[in-house]
Amino acid sequence: MTITLDATRAELALLVLYLNKAEARDKICRAIQYGSKFLSNGKPGTAQNVDKTTSLARKVFRLFKFVNDLHALITPPSPGSSLPVILLGKSKNALLSTFLFLDQIVWASRTGIYKNKERAELLGRISLYCWMGSSACTTLLELGELGRISSAMTKLEKELKQVDRSKDEQYRNKIKQLNQRQLALIKASMDFVVAIGLLQLAPKKITPRVTGALGFTTSLISCYQLLPAPAREKKA
């Protein structure tokens with residue numbers, strides 16, 4: 001009974017730690033938003049109302065968040081990074097920072113603070129183009145990282161021909177990194193399509209339902225990526 005109670009307490013502590021993150025709450029709201037978009041398929045009703053109100057609520061979580069990417073933009077790159085990686089990384093930071101900054105003006109317009117609706121709509125579209133661009137940069141960066149990790153793993157496999165790879169800590173770490181990068185690549189690629197859907201650049205192929213399904217999936221991936229690592233059991 002005590003063991004069960006301790007395990008429950010530990011799980012609840014992890015849940016509290018998770019929900020205390022503003023980013024985690026934002027991604028949960030994002031899942032609700034895109035799930036509602038999937039259900040509504042762009043048609044008026046309760047699901048569409050949930051989509052719109054949740055979208056507006058999420059913008060509050062992102063107030064001044066553009067500072068994070070602005071800081072990353074002006075931070076010197078890691079030593080040894082290639083020029084293409086540096087350019088892609090800085091482009092991603094610049095685009096994402098611009099998206100988040102312009103998104104604040106959209107929020108101000110929807111709440112009635114900013115009165116120029118036409119200008120706000122234009123800035124809203126520009127912000128989505130910036131997000132689409134940052135997703136494209138992220139996709140290319142993740143592809144590059146996957147290639148780098150795969151090359152390192154191939155080299156490591158040759159060195160561990162006579163050894164059980166599953167017991168080698170360095171090899172296990174590479175497998176973990178590979179899985180994380182693959183998941184990040186899937187998420188970035190899907191987000192790129194979500195941005196196309198929101199901009200209605202291909203309305204016949206990428207419908208509100210497709211946009212909602214992909215957005216919901218990437219939201220779940222983001223929620224998973226933000227999960228805190230469980231504490232390791234101490235050996236007696």
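With 5 Å bins from zero, work out the P(r) of the range 92-164 over every alpha carbon pair and list the percent per bin.
4, 16, 15, 12, 10, 8, 7, 6, 6, 5, 4, 3, 2, 1, 0
Quick one: if the Förster radius is 25 Å, what FRET efficiency do Arg165 and Ile86 give, using the C-beta to C-beta distance and rounding to 0.05?
0.15
Cut-off under 19 Å on the C-alpha distance; same-chain residues fewer than 8 positions from Lys205 excluded. Which aspartates and glutamates are left, in chain and number order?
Candidates past the 8-residue exclusion: Asp191.
Please give the charge dipole size of the range 78-209, origin at the Cα centre, charges +1 on K and R Cβ atoms and -1 on D and E Cβ atoms. Round to the nearest 20 debye.
That gives a dipole near 220 debye.
Can you give the convex hull volume of the alpha carbon atoms of the range 16-121 per residue, in Å³?
Cα-based convex hull of the range 16-121, divided per residue, equals 158 Å³.
Kindly sort Leu95, Leu140 by accessible area of their heavy atoms, largest first, with the probe set to 1.4 Å.
Leu140, Leu95
Compare Leu123, Leu87, Leu160 in a GNM of the chain, Cα atoms joined below 10 Å, and give the one with the largest fluctuation.
Comparing Leu123, Leu87, Leu160 in the GNM, the peak value goes to Leu160.
Do you know the relative contact order of the range 19-121, to the nearest whole percent, from alpha carbon pairs under 8 angstrom that are 6+ apart?
23
Quickly estimate the mean residue ellipticity at 222 nm for the chain, helices only: each DSSP H run with n ≥ 4 gives -39500 (n - 2.57), and the total goes over all residues, rounded to 500.
-27000 deg cm²/dmol
Of Thr111, Ser55, Val67, which is farthest on the positive side of the dipole of the range 54-155, counting Cα position, with +1 on Lys and Arg Cβ, -1 on Asp and Glu Cβ, and the Cα centre as origin?
Thr111
Please list, in order along the range 105-115, the HN-Hα scalar couplings obtained from phi with the Karplus expression 6.51 cos²θ - 1.76 cosθ + 1.60 (θ = phi - 60°), rounded to whole Hz, x for Gly and Pro.
Going residue by residue, I get 5, 4, 4, 4, 5, 6, 8, x, 6, 9, 8 Hz, with x marking Gly and Pro.
Between Thr75 and Tyr114, what FRET efficiency comes out of the Förster formula 1/(1 + (r/R0)^6) with R0 = 35 Å and r the beta carbon distance, rounded to 0.05?
The computed FRET efficiency comes out at 0.70.
Treat every Asp and Glu Cβ in the chain as -1 and every Lys and Arg Cβ as +1, leave all other atoms uncharged, and give the resulting dipole magnitude about the Cα centre to the nearest 20 debye.
320
Quick check: at a probe of 1.4 Å, how many percent of the accessible area of the chain sits on carbon and sulfur atoms?
62
For the chain, with every protein chain kept in place, what is the accessible area per residue (1.4 Å probe, Å²)?
So the chain comes to 64 Å² accessible per residue, rounded to a whole number.
Hey, can you grab everything whose amide H is under 5 Å from the amide H of Thr207? Only 5+ residues off in sequence or another chain; H modelled, so Pro and N-termini drop out.
none
For P(r) over Cα pairs in 10 Å bins from 0, in percent, one of (1) 7, 23, 32, 22, 12, 4, 0, 0; (2) 7, 29, 38, 23, 3; (3) 7, 29, 31, 19, 9, 3, 1, 0 was computed from the structure I shared and the rest are decoys. Which label?
Only one listed value fits the structure, namely (1).
The values are calculated or read from the model by the stated rules, or taken from the named source; none is laboratory data. What you see is a predicted model, and the numbers here were worked out from it, not measured in a lab. Ideal geometry is used to build each Cβ from the backbone, glycine not excepted, and the neighbour counts take in all protein chains shown. With ligands, DNA and RNA removed, areas are computed over all heavy atoms of the protein, side chains included. Shrake-Rupley method; radii C 1.70, N 1.55, O 1.52, S 1.80 Å.
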